[in-house]
Amino acid sequence: MSGEMIWASYEEAIKKIRSVIGTRIKGNESNEISEIHILANSERNPKQIVRDVESVLAAQFGIEIDHKIVSVVQLEQQEDEESPSPNFPLKRAQIRPKLISISLHTNKMMAEVKVELSMGDETYEGIASGTSTTYNRLRLFVDATINALSGSLMEKLFFATEDVMITRLGKYQVAQVIICLITPLGEQNLVGCALVKNDEREAIVKATLDAVNRKLWFY
């Protein structure tokens with residue numbers, strides 16, 4: 001049985017755990033589990049979910065894992081009387097993505113943006129390309145940041161750039177970003193902002209991270 005088929009059977013078992021919405025397992029070349037990513041609602045404490053994951057894998061497959069390889073992204077739903085769509089309260093991330101580097105390369109009418117982030121001990125790179133108009137270049141910095149984050153987040157979490165702008169607030173310039181978070185529970189717009197200090201590009205990336213950091217909770 002291939003590694004993908006083995007992981008699929010493990011994932012199906014984990015999805016049956018209460019509060020789990022989705023899961024993705026990564027393995028190494030020896031077909032050993034190296035990472036388990038969980039998307040869950042807020043009904044239960046992440047530590048309880050992790051313990052259940054350990055128990056399910058041990059009971060059904062005879063596998064013992066280190067709880068440190070399990071990460072939980074927890075979305076908390078709250079009733080909203082004005083709108084039937086899901087609304088998730090904001091939570092701080094225990095492990096925040098940090099900006100390492102940004103680069104912009106242009107070739108005639110095209111532009112390519114590369115953003116490198118770190119999260120814990122891992123490094124993630126995102127690339128976005130498109131036409132080299134003034135506004136689209138701003139969007140590319142958001143898209144590249146989102147693409148870098150997609151390497152660390154689960155496949156059931158999707159982000160899409162809604163809008164980005166540089167505005168003036170008093171004597172300051174501020175980068176503002178609106179991102180749409182798409183999950184199995186619905187959609188929600190996230191807003192992030194950051195002061196422009198020396199570099200608009202850096203401010204846009206930090207505004208994107210500000211929007212995402214307010215939503216994710218990593219165990």
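Distances between placed amide hydrogens fall under 5 Å for Thr23 paired with Leu39, all partners being 5 or more residues away or on another chain. Rolling a 1.4 Å probe over the protein heavy atoms gives region 98-214 an accessible area of 52 Å² per residue.
First measure r as the distance between the Cβ atoms of Met165 and Thr123, then evaluate 1/(1 + (r/R0)^6) with R0 = 45 Å and state the FRET efficiency to the nearest 0.05. Efficiency at R0 = 45 Å is approximately 0.95. Between Ile63 and Ala58, the built amide H atoms are under 5 Å apart, and every one of these is 5 or more places off in sequence or on another chain.
Roll a 1.4 angstrom probe over the protein heavy atoms and tell me the percent of accessible area of region 3-75 that is carbon or sulfur.
On the way: 1580 of 3770 Å².
Using a 1.4 Å probe with all protein chains present, region 3-75 comes out at 42 percent carbon and sulfur.
So for region 3-75, averaging the separation of alpha carbon pairs under 8 Å that are six or more residues apart and normalising by length, what relative contact order in percent results? Don't skip to the answer; put the middle values down first.
Working: 101 pairs, mean separation 22.7, N = 73.
This gives 31 percent for region 3-75.
For region 134-143, backbone phi angles converted through the Karplus equation (6.51, -1.76, 1.60; θ = phi - 60°) give residue-by-residue couplings of 4, 5, 5, 4, 4, 5, 5, 5, 5, 4 Hz, Gly and Pro being listed as x. Heavy-atom accessible surface of Glu200, to the nearest 10 Å², is about 80 Å², with a 1.4 Å probe and all protein chains retained.
The values are calculated or read from the model by the stated rules, or taken from the named source; none is laboratory data. Quantities reported herein were computed from a predicted structural model and do not represent experimental measurements. Cβ atoms come from the backbone with ideal geometry, glycine included; neighbour counts cover every protein chain shown. Ligands, DNA and RNA are stripped out before the accessible areas are found, and what is left, the full protein with its side chains, is counted by its heavy atoms. Shrake-Rupley method; radii C 1.70, N 1.55, O 1.52, S 1.80 Å.
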